[in-house]
1. Using the structure shown, decide if S183 is of a type in the set (S, T, N, Q) and touching a residue at least 40 places away in the same chain (Cβ under 8 Å).
2. Examine segment 133-141 for a residue that is among the small types (G, A, S) and either assigned to a strand (DSSP E or B) or farther than 20 Å from A63 by Cα (or both), and state whether such a residue exists.
3. Are any residues in segment 112-151 in contact (Cβ under 8 Å) with a residue 24 or more places away in the chain, small (G, A, S) and within 19 Å of G181 (Cα to Cα), and if so, which ones?
4. Among the residues of segment 89-102, is there at least one that is at pLDDT below 95 and in a helix (DSSP H, G or I)?
Amino acid sequence: MHHYADQKAFHSLFYIKPVEYKTNEEMLHELSTYVEAIHKRHTLIEKLIEKQAQVQSKNKDAAKVLVKISKDKIALDREVVITRDKTYQKYEENHIYVIGDWSNFNSRKVAGKVITAIKDGFADWKPGIGDQVCLHLEEAVVDHTTAATLAQIIFNDLKAYSNIKIYCHEPNYKILESADGFSMIRKLVFIQKA
């Protein structure tokens, strides 16, 4: 009873509306309007749950940030590695790739890796202020928070870099497009064909 004495808690569970001098038809219309509003709210909640379910993995490990510096040199999370591994041949030189989970749980950690890679660069690679910066999300697992994080880092942390382009495949594009913050980065995001 003490819990329900709190007006906010009470009104979140119960809806009481005094009705005066209404005809049966008016009360029926008002009741059906209220029930319809409940169904709409339920539908919105289902859509939100579905949007969150589109995340392809529940992996809690933060994504890796890979930069291909040259034909046989990559930087993976700030560690420069010389490799002849054919796995890395598909990546373009001077491009940044986010590989793995970039979702709500580790959003800032991955954002920090991207910011550091661009601002600090590496011994043999550092983009200039006017250079094109290509950020690839084809191998990233994104969710409803990634678009807002991208907007924040691009327009706050990396605002000096005026030529940033974001590439992703169509499934990731759809997730980003339906999220808050996408309108700010819409012109920077491009669908990369497989």
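The values are calculated or read from the model by the stated rules, or taken from the named source; none is laboratory data. This is a predicted model, so every value here is computed, not measured. Here the Cβ positions follow ideal geometry from the backbone for every residue, glycine too, while neighbour counts run over all protein chains shown.
1. Numbers: of a type in the set (S, T, N, Q): yes; touching a residue at least 40 places away in the same chain (Cβ under 8 Å): no.
No; evaluated as a whole, the condition is false for this residue.
2. Yes, the conditions are met somewhere in segment 133-141.
3. A140, A147, A148, A151
4. Looking for residues that are at pLDDT below 95 and in a helix (DSSP H, G or I), one finds at least one in segment 89-102, hence yes.
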